[in-house]
Amino acid sequence: MLSWEYPPKVIGGLARAVADLSEALVEQGHEVAVVTSDHPDCAPVEYVSGVRVYRVNQHYPSPQGFLDSVLYMNYHLVQAAVQLMSEENFDVVHAHDWLVAPAAKVLKHAYGVPLMATIHATEWGRNGGLHNNLQRHINDVEWWLTYEAYRVICCSEYMRNELRHIFHLPDDKLTVIPNGVTLKNFSQTHPDLDKFRNQWALPNEKIVFFIGRHVHEKGVDLLLDAVPKVLHHHPSTKFIIAGKGPMHDELKARAYHMGIAHKVLFAGFIDDLTRNSLYQLADAAVFPSRYEPFGIVALEAMAAGAPVVVSDVGGLKEIVRHGETGLTFYAGNSNSLADNILTLLYDRQHAKMMKNL
Ligand code: NHF
């Protein structure tokens, strides 16, 4: 497996998806080696849940810019993979997203092994089109990876259509395999949940929870825009926003200027135990994405027992059946988002029913 992120380096859902897939393959009796970029807390080579993980230096030599850092990482990925593949036979090279495309192409041709590619998200989709040279370049590299790959995997019907449309991929090259989550990763919570809850909200406050990258496509700003209406109808509500990203400071400033900062708690990066506990306590877990190829976070929230409100886009629309397994709102519409959050806060029976499904 080639993946630029792998737990504990978790930037998006990709890291978790690659780890879960690798561990599941190991459980089925396969051998999996992951070559990925480094993390300060990890050894360069280690076994994690049966998966052999090689972590290479991403930032050496000191890159001039983002694309340089991607290329240097790829040289290091190739170097580590060559050491491995010269000593052992591998049946498949599986590349995840464009960031590892150069390494994937070299390894495919050097060792004559079939290359699989999973496209977790596209630059075109993330940006609602291609608006500058960097975006056009990334789109080209994504196409290049799908061109080189023997088979391309995507995670939802929505993505199948997107890839067909933007890369003109033939149908027989494309397979939809939805992501999954490992239930046991979400069962463990803080030993004293009441005490834990007191650190986050007042006893009478309901909890609305978001976790994800703070980027435009994830729609955190839409959640902030929904806060005044929710508070108007349900004043005792606390919004907990976990995660980080380029929009983080802007979002905090926005909450301040909207006069809602006292009701919105920015939690930053949180560990798994905190995440699971907040899911357990949440009256609504909200994923207001504008673009979402799959939306593994929604599955995680459901696995951890939180009732979800998601936008009706991409993979989210395929995961959540409105009124049955969660609620969906009109993507991009914070008024519709507020209404659906309020439904969960007021209709406890319904929320409980969806939670227990
Ligand atoms: O869940 C893992 C993840 C998806 O929708 C998510 C995304 C990136 O944007 O496949 O990849």
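The values are calculated or read from the model by the stated rules, or taken from the named source; none is laboratory data. Source: prediction; values computed, not measured. So basically every Cβ, Gly included, is an ideal-geometry build from the backbone, and we count neighbours across all protein chains shown.
Tell me, which residue of region 304-322 that is part of a loop (DSSP other than H, G, I, E, B) and either away from the ligand (no atom under 11 Å from the Cβ) or at pLDDT below 95 (or both) is farthest from residue 183 (Cα to Cα)?
Pass one, region 304-322, residues part of a loop (DSSP other than H, G, I, E, B): 304-307, 312-313, 320-321.
Add one more test, that the residue is either away from the ligand (no atom under 11 Å from the Cβ) or at pLDDT below 95 (or both), and what stays is 304-307, 312, 320-321.
Numbers: 304: 8, 305: 10, 306: 13, 307: 16, 312: 24, 320: 17, 321: 20 Å.
It comes out as 312.
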Report task. Inspect all residues belonging to region 117-128 and state whether any of them is part of a helix (DSSP H, G or I), at pLDDT 95 or above and over 19 Å from the mean Cα position of the chain (by Cα). Result -> no
Report summary line: Checked 267, 285 against criteria (within 16 Å of the ligand (Cβ to nearest atom), touching a strand residue (DSSP E or B) at 6+ places or on another chain (Cβ under 7 Å) and part of a strand (DSSP E or B)); the one match is 285
Query raised in the report: Quick one: is residue 54 part of a strand (DSSP E or B), closer than 25 Å to residue 183 by Cα and away from the ligand (no atom under 16 Å from the Cβ)?
Result: no
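Looking at residue 10, is it at pLDDT 95 or above, within 16 Å of the ligand (Cβ to nearest atom) and under 21 Å from the mean Cα position of the chain (by Cα)? Full working, then the answer.
On the way: at pLDDT 95 or above: no; within 16 Å of the ligand (Cβ to nearest atom): yes; under 21 Å from the mean Cα position of the chain (by Cα): yes.
No; evaluated as a whole, the condition is false for this residue.
In the list 27, 23, which residue meets the criterion of being within 16 Å of the ligand (Cβ to nearest atom), touching a residue at least 12 places away in the same chain (Cβ under 8 Å) and either within 22 Å of the chain's Cα centre (by Cα) or surrounded by fewer than 13 Cβ atoms within 10 Å (Cβ to Cβ) (or both)?
Values: 27 fails: within 16 Å of the ligand (Cβ to nearest atom).
Every option except 23 fails the conditions.
State whether the residues of region 227-240 include one that is out of contact with any Ser or Thr (no Cβ under 9 Å at 6 or more places or on another chain), farther than 21 Å from residue 128 by Cα, β-branched (Val, Ile, Thr) and not in a loop (DSSP other than H, G, I, E, B). Outline the logic, then answer.
Let us first name the residues in region 227-240 that are out of contact with any Ser or Thr (no Cβ under 9 Å at 6 or more places or on another chain), namely 228, 232-240.
Remaining after also requiring farther than 21 Å from residue 128 by Cα: 228, 232-240.
Retained after the next criterion (residues that are β-branched (Val, Ile, Thr)): 237, 240.
Next, only the ones that are not in a loop (DSSP other than H, G, I, E, B) stay: 237, 240.
Yes, some residue in region 227-240 is out of contact with any Ser or Thr (no Cβ under 9 Å at 6 or more places or on another chain), farther than 21 Å from residue 128 by Cα, β-branched (Val, Ile, Thr) and not in a loop (DSSP other than H, G, I, E, B).
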Report summary line: In region 129-177, anything within 23 Å of residue 1 (Cα to Cα), in contact (Cβ under 8 Å) with a residue 60 or more places away in the chain and assigned to a helix (DSSP H, G or I) is listed as 159
